[in-house]
Each structure stands twice: as C-alpha cells, then as structure tokens.
Amino acid sequence: MFVPVPVFVVAGPLGAGKTTVLNHLLRHSADTRIGVIVNDFGDIDVDGLLVSGQASSTIAVSGGCLCCAADDGEVAAYLDRLTRPRSGIDVVVVEASGVAEPAALVVKVVAGLGRRASYGGLLVVVDAEHPDPPGLPGLEEQVEPADLVVVTKADRVDRSALDAVKERVRRAAPGRPLVDAPHGALDPSLLFDLRHDPTRQLTLGDIHAGEHAHLHTPYRTVSWREVRPLHPRRLAHLLGDGVPEAFRIKGFVEIGIAGLPRRWTVHRVGQQVRVTPGAPGRRRGSQLVLLGPELDGAAYDELGALAVGAGEEPDVYDLAVLEQFVPRRHRLSPTLLALDEERALDEGA
Ligand SMILES: Nc1nc2c(ncn2[C@@H]2O[C@H](COP(=O)(O)OP(=O)(O)OP(=O)(O)O)[C@@H](O)[C@H]2O)c(=O)[nH]1
C-alpha cells in the first residue's frame, strides 16, 4: 500500500538549537531514512554543512527565508525531489531558518506537499536562556502553531527561569507535548510518531500574509569570508562582545597557530559563545555569518582586523584566550602551557 512520506517542520528563533536537535535525530534514527531541507537566512550555508553527511539526502537553501520565498513552487520542487520513490526516504524534516515565522513556513510546506507527501507536524524549539530574541516574533507567537515544543539550554538558566518559560509555553500552546532536549537530545519517536491535529490547520489568512514580511525586515545579516588564518585573541574579542549588535554569530574558522588543529566551529547566541575543534567540509579559510536587528557595516571593521598580520605569530597564550569558549575537554592550551612551564624549569635547572 502506498504511504505518503510525512514531512515535519523544525522551527524556532535564531540559535535556539534547531540544528543540534536535528543532528541528534539524524544520529539516533536507526533505520529510518531521513531527507532534510535546511534553510539558512545568511548567504553562507552553515547549517547545511553541519547536517550533511548525517542525513540520507540534504537540500541546503541559503541566502533568504523559505517562508518568504517568492516562488510558491520552490518548496514543492524540493519535496518532490526528496520523496521520489527511488530516493527511499521514509521521512522529510524541514529545518526553518532562525528568522522564519513558523506558521508561514508550515503554510508553504502544506501547499507544496503534492501526492507523495503528507504534513507530519511542527516541532518548535525554545531556548530557555533567550526565549524572546530581539526583533523576532515572541515566544507565544512561535509556539502557538506547534504540535510539539522542545526546550533547550535548561543548563544555562536557573530553575525558576526555566519554570517561567515552560509556563508561558503551556499557556500559549495548551495541551501540546512539552519536553526538554538537553543539547538536542530528543527521543526521535516523539517526532516521528507525532500526529498533527487537523483542527488546527493553518491557512494563509491565519498568518496575515500581508504583514508577514515585516517580521524579517529588522533582521540584518553580514556574511564574511577570509582566506588568511585568524588571530585567536582577536577572534575571542569579536565573539565575546566585539560586535554587540550581532545576536547570532556562526560559522567555521581557521586559526593561525602552527601545529594545532586549525579549523574550528563557532557559535554565539546572545551572550552564549561556544567554540569547538573541527569543521565540516573541505573549504579552506574562514566563513562567518552575523545576524542582528541593529547590525550595520561597522561589523566589517571588526571582521577586517581578525586575520593574522605580516610578522605576527599568535602563541599558546593567545589560544588560551579563545579557549575560554571551548568546552574543557577540548582545550589544548592548559597542556601546552604546562609543557612550556616544565621546559622553562628544565632550562633553569
Ligand atoms: N548549553 C547548551 N547549549 C546548547 C544546547 N542546545 C544547543 N546549544 C548550543 O546552542 C548553539 C546554537 O545551536 P544551533 O543548533 O546551531 O541553533 P539553531 O537554532 O540551529 O541556530 P540558527 O540556525 O542560527 O537559528 C550551539 O553552540 C549549540 O551547541 C543546550 O541544551 N545547552
């Protein structure tokens, strides 16, 4: 019997943890073959690179928001491609960009289903630390159309703040399942067994299509590439608070210290900064995307100063400054500094 391929939408504001949840699902979905459509608002396809290699098939769409795509057929064409019988895909997951309006994206997806796909439901990711990022629809508006609400970053807030966020979710999306997903750890069956309640079917009328564009208007994006290695201390400054207007920074960087892992993945969400060794893809150099409602060209001045200059040689002390943002288990500088000290003692003896 022919069974249409369910299509799930994963949405939530910038940096909430959508890609982290999606990657967890991809790694823990056993034999389920998952096709993914990943949408990045910036010109550099960061999320696409972070999920590709794990999904059975990935379509990455960058440089704009799918929910505003002028061409209604765009989503339909992607779904058609992923659900062709020979692709063998069991489930499709669409990851929204962080500035998407979830309801508007769902309408686009439902309109693009065709005969081989069915709408599975909407998972909305809520960041317990930043439930209302600047310039984006508030928490209530985000979760109202959800079929499943997932809370991330409980580890970043105290109990009362977490309870307050959950209480807001319960009021805005009564009766909808609400679960924690620390570092993206969501049981895949919660998503794949989801049944969308058709009585809550959204229509374009519901989302006031005419007003929809306003939600994106305040958000600006700066996409930046550099082929020279970056200076770790200056990068740390930029990620810390060098461009306070950038609510979100993400991408891959190459650090200029001889003999050390050179490519890193970086994330900033509000005040949370995380840098981890390694980066997907074979592209050399650094690629960063900055997003924020107040962002302007001044960001390029900070970015322009990041590369290691002629005659400069960043050392392990510079690395240590960047490593304040690296999880303890990945830090190299404590070992290198201890070796340095030992060597100095030996030489002094
Ligand atoms: N401390 C902590 N960090 C988390 C958790 N979940 C995700 N993160 C981190 O939050 C940052 C952003 O996560 P992403 O998954 O890239 O967020 P996103 O929603 O896909 O981001 P955009 O696509 O830019 O909107 C990354 O550094 C993640 O490691 C969590 O539960 N706790």
### Message
I'd like the orientation of helix 333-348 relative to the chain: the angle between its Cα long axis and the longest Cα principal axis, in ° from 0 to 90, rounded to 10.
### Response
10 degrees
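Work out the length of the dipole vector of the stretch 220-347 about its Cα centre, built from +1 on the beta-carbon of each Lys and Arg and -1 on the beta-carbon of each Asp and Glu, and round it to the nearest 20 debye. Walk me through the numbers on the way to the answer.
Working: 18 positive and 18 negative charges, 192 e Å.
Once rounded to the nearest 20, the dipole reads 920 debye.
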### Task
Show the residues, 5+ positions off or on another chain, whose built amide H is closer than 5 Å to the amide H of Ser118.
Val5, Val7
### Query
Taking the Cα centre of each part, how many Å lie between the stretch 218-275 and the stretch 65-110?
30 Å
### Query
Taking every pair of alpha-carbon atoms in the stretch 220-347, what share in percent sits in each 5 Å bin, from 0 to the bin with the longest distance?
2, 11, 21, 24, 19, 12, 6, 3, 2, 1, 0
### Summary
Dividing the mean separation of Cα pairs under 8 Å (6+ apart) by the residue count of the chain yields a relative contact order in percent of 17 percent
### Query
Label His28 and Glu294 with points 7 Å out from Cα along Cα→Cβ: what is the distance between them in nm?
3.8 nm
### Query
Tilt of helix 102-111 relative to the longest C-alpha principal axis of the chain, in degrees (0 to 90, nearest 10)?
50 degrees
### Query
Between Asp301 and Arg233, what is the spin-label point distance in nm, taking each point 7 Å from the Cα along the Cα→C-beta axis?
2.1 nm
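Expressed in nm², what is the orientationally averaged projection area of the convex hull enclosing the Cα positions of the chain?
Numbers: hull surface 81.0 nm².
Result: 20.2 nm².
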### Query
Accessible area per residue of the chain at 1.4 Å probe, in Å²?
45 Å²
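For the stretch 220-347, what does the relative contact order come out to in percent, with C-alpha contacts under 8 Å and a separation of six or more? Let's see the in-between values first.
Values: 220 pairs, mean separation 42.1, N = 128.
That works out to 33 percent.
On full extension of the chain, what length is gained from Glu341 through Asp163, given 0.36 nm per residue of separation minus the C-alpha to C-alpha distance? Let's see the in-between values first.
Working: separation 178, 0.36 × 178 = 64.08 nm, distance 4.69 nm.
Contour length minus Cα-Cα distance gives 59.4 nm.
How many lysine pairs does the chain hold where the Cα atoms are under 25 Å apart and the two sit 8 or more places apart or on different chains? List each step's numbers first, then the result.
Details: Lys18/Lys108; Lys18/Lys153; Lys18/Lys166; Lys18/Lys250; Lys153/Lys166; Lys153/Lys250.
So the count of such lysine pairs works out to 6.
The values are calculated or read from the model by the stated rules, or taken from the named source; none is laboratory data. Remember, it's a predicted structure, so these values are computed and weren't measured experimentally. In this analysis, Cβ positions are derived from the backbone assuming ideal geometry, glycine residues included, and neighbour counts consider all displayed protein chains. Calculation scope for accessible area: heavy atoms of the full protein, side chains included, ligands and nucleic acids excluded. Shrake-Rupley method; radii C 1.70, N 1.55, O 1.52, S 1.80 Å.
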